[in-house]
């Protein structure tokens, strides 16, 4: 069933768990994410990003919303990392209930102004805004790991930022990195505690791919209520496609079992589903069957 993002995140915060928020790029990946959530009976957030929406347009948005509506668990649809007010409005008009208005690369005052404008826009559609204070390093952002220190969220600014903008969620930079890095930097849990003490909104952790289960769950205990996952799921999907190509070769024989398009998609979906299930278990402190 399609639900509002903020309702899921606030309920997760109340329960002391986190909602898994998974980036999606097409219908097959969306279905893999939803099936994983249904298997475990847990709510999730589907979140196309700017590149995906610009590539797929309204058809991708509508398909994502349709998948959420028919799901047997609560599913919200959220626009990830968007610096474009016009695109944020389009997604709200299509039916998204939230968006990350990403002004994190702007100076503090400009980030406040941009985020406040997005909050006012979202209110007209009954939606909510996730904000970001601090700038994550990693492949999405064109920064190197060595540059993380200067981009961490300033706890002394967090209270002013949330009070002034009215944002419903705050994404923090505490050493987390977009994408994979050779060695994940340690999370600054002391900084996270300081931020949590300054604001009264749910906190969001981006760049969770590659973090240990222990670090993720410790962050959840300290106030993270929404956990973003992209690279691990996307990589599993792509690796399955690559493996299928190696196994089948350059000339698929559509007469043979396992060599048609739907066979390929099923393998990729199954691989992504496994990663999503593991993430949902981590977010909700669920044990694996073999634990």
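The values are calculated or read from the model by the stated rules, or taken from the named source; none is laboratory data. If you're wondering where the values come from, they're calculated on a predicted model, not measured in any experiment. Note: ideal-geometry Cβ built from the backbone for every residue, glycine included; neighbour counts use all protein chains shown.
Cβ separations smaller than 6 Å between residues 6+ apart or across chains give the following pairs from the range 118-143 residues that are more than 18 Å from residue 8 (Cα to Cα) to residues that are surrounded by fewer than 19 Cβ atoms within 10 Å (Cβ to Cβ) and modelled with pLDDT under 95: 134/151; 135/105; 135/151; 137/143; 137/145; 137/147; 138/179; 139/179. Hey, any hits in the range 215-228 for a residue that's surrounded by 14 or more Cβ atoms within 10 Å (Cβ to Cβ) and without any contact (Cβ under 8 Å) to a residue 12 or more places away in the chain? Taking every residue of the range 215-228 in turn, none turns out to be surrounded by 14 or more Cβ atoms within 10 Å (Cβ to Cβ) and without any contact (Cβ under 8 Å) to a residue 12 or more places away in the chain. With respect to (1) modelled with pLDDT under 85; (2) out of contact with any strand residue (DSSP E or B) (no Cβ under 7 Å at 6 or more places or on another chain); (3) under 16 Å from residue 103 (Cβ atoms), the lone exception for residue 183 is condition (3). Quick check on the range 84-94. Is at least one of its residues surrounded by 21 or more Cβ atoms within 10 Å (Cβ to Cβ), touching a residue at least 12 places away in the same chain (Cβ under 8 Å) and within 13 Å of residue 168 (Cα to Cα)? No, the range 84-94 has no match at all. The set of residues in the range 112-159 being surrounded by 13 or more Cβ atoms within 10 Å (Cβ to Cβ), within 13 Å of residue 85 (Cα to Cα) and either out of contact with any strand residue (DSSP E or B) (no Cβ under 7 Å at 6 or more places or on another chain) or modelled with pLDDT under 95 (or both) consists of 113, 116, 117, 121. Helices (runs of 4 or more DSSP H) fully within the range 173-291 that include at least 1 residues being under 15 Å from the mean Cα position of the chain (by Cα) and closer than 18 Å to residue 32 by Cβ: 231-248, 261-284.
Could you please let me know if residue 46 is in contact with a strand residue (DSSP E or B) (Cβ under 6 Å, 6 or more places away or on another chain), free of Cβ contacts under 8 Å to residues at least 40 places away in the same chain and either surrounded by 24 or more Cβ atoms within 10 Å (Cβ to Cβ) or over 18 Å from residue 219 (Cα atoms) (or both)? Against the criterion (in contact with a strand residue (DSSP E or B) (Cβ under 6 Å, 6 or more places away or on another chain), free of Cβ contacts under 8 Å to residues at least 40 places away in the same chain and either surrounded by 24 or more Cβ atoms within 10 Å (Cβ to Cβ) or over 18 Å from residue 219 (Cα atoms) (or both)), residue 46 qualifies. No other residue among 27, 79, 60, 40 is at pLDDT 95 or above and in contact with a strand residue (DSSP E or B) (Cβ under 7 Å, 6 or more places away or on another chain) apart from 79.
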